[in-house]
Amino acid sequence: MFGNLDFASILKQLLVLTPGILFGLTIHEFAHAWMANKMGDPTARLAGRLTLNPLVHLDPVGTILLFIAHFGWAKPVPINAANFREPRKGIILTSAAGAGANIICALIFGIIIRMAFPVNEWAQQAFFSSSWVMPSMAIRIIFMLLVYGMFFNLILAVFNLLPIPPLDGAHILFGMLPADKAAKFSWLYRYGPMILIGLIVIGMMTGVSVFAYIIIPPVSLGSYIFSGFNINILFALVNIFLGGTF
């Protein structure tokens with residue numbers, strides 16, 4: 001996450017990436033709660049989860065690990081599928097709402113980047129001109145907040161759509177399958193969390209992340225579609241801006 005940045009740049013990066021992470025986690029869980037309530041299950045609302053207050057949704061351990069180990073989690077939103085007016089539809093839409101909210105937010109951030117910032121001009125001057133003067137501190141900070149916001153919302157969306165329990169993608173997939181077909185894959189609910197953790201640990205130990213190969217391509221494509229710019233160019237500018245004075 002921090003690349004080869006020096007300590008001062010790492011602190012600056014933490015300041016501009018933290019809002020994107022906290023916002024992405026919060027809007028994800030809020031969307032689950034909102035959709036569940038919309039579909040007839042008030043459990044999350046009654047538990048106080050129908051709010052945009054991040055402190056209600058964040059899990060302390062999961063949040064800390066997100067920064068240290070590059071994986072983490074928020075508090076799961078309590079759902080009682082028996083309350084849904086249409087149980088199968090309720091499960092599918094509630095499970096999809098979190099990733100859907102992240103994608104919408106990433107789209108909004110991308111459109112702002114596309115329309116409000118002269119990224120091509122910055123890139124040409126930063127990479128090919130020795131006399132380039134950086135934009136103002138305020139503009140740099142806003143730009144970096146938007147880039148990280150778009151990036152982490154897309155990561156949260158793609159990761160949570162993987163069909164591995166307990167991720168949302170598994171609930172969506174099993175909700176769409178006929179009951180007899182879903183029953184054949186019910187064993188995944190028992191072993192899914194262990195598979196997920198095992199893949200993460202193997203990636204940390206070997207430096208070869210399976211999830212990176214799965215997640216980064218669609219995240220890069222989404223970033224390009226939403227913002228109009230290659231994600232490598234955006235982060236190259238972010239790294240240059242981190243070297244400037246805050």
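Some observations on this one:
- The residues of segment 7-63 that are more than 18 Å from the chain's Cα centre (by Cα), among the polar types (S, T, N, Q), at pLDDT 95 or above and assigned to a helix (DSSP H, G or I), listed by number, are 37, 43.
- Residue match in segment 168-182 (condition: crowded, with 18+ Cβ neighbours inside 10 Å, under 27 Å from residue 69 (Cβ atoms) and aromatic (Phe, Trp, Tyr)): no
- Scan of segment 225-238 for residues that are surrounded by fewer than 16 Cβ atoms within 10 Å (Cβ to Cβ) and part of a helix (DSSP H, G or I), ordered by number: 225, 232, 236
- Residues satisfying the stated conditions in segment 129-162, i.e. in a loop (DSSP other than H, G, I, E, B), more than 16 Å from residue 239 (Cβ to Cβ) and touching a Gly at 6+ places or on another chain (Cβ under 8 Å): 161, 162
- Qualifying residue in segment 195-204 (condition: touching a His at 6+ places or on another chain (Cβ under 9 Å), within 25 Å of residue 76 (Cβ to Cβ) and crowded, with 20+ Cβ neighbours inside 10 Å): no
- Residue list for segment 215-224, restricted to those being surrounded by 15 or more Cβ atoms within 10 Å (Cβ to Cβ) and either in contact (Cβ under 8 Å) with a residue 60 or more places away in the chain or over 30 Å from residue 167 (Cβ atoms) (or both): 215, 219, 222, 223
- Only a single item in (1) part of a helix (DSSP H, G or I); (2) modelled with pLDDT of 85 or more; (3) not hydrophobic (A, V, I, L, M, F, W, C) is not met by residue 181, and it is number (2).
- Residues that are surrounded by 12 or more Cβ atoms within 10 Å (Cβ to Cβ) and not in a helix (DSSP H, G or I), drawn from segment 184-194: 185
- Any chance residue 81 is buried (at least 21 other Cβ atoms within 10 Å of the Cβ) and touching a helix residue (DSSP H, G or I) at 6+ places or on another chain (Cβ under 9 Å): no
- Selection status of residue 175, in contact with a Lys or Arg (Cβ under 9 Å, 6 or more places away or on another chain), in a helix (DSSP H, G or I) and either more than 30 Å from residue 118 (Cα to Cα) or not basic (Lys, Arg) (or both): yes
- Every condition in (1) out of contact with any Gly (no Cβ under 9 Å at 6 or more places or on another chain); (2) more than 30 Å from residue 143 (Cβ to Cβ); (3) surrounded by fewer than 17 Cβ atoms within 10 Å (Cβ to Cβ) is met by residue 210 except one, and the failing one is (1).
The values are calculated or read from the model by the stated rules, or taken from the named source; none is laboratory data. If you're wondering where the values come from, they're calculated on a predicted model, not measured in any experiment. Reconstructed Cβ throughout: ideal geometry from the backbone, glycine too, with neighbour counts over all protein chains shown.
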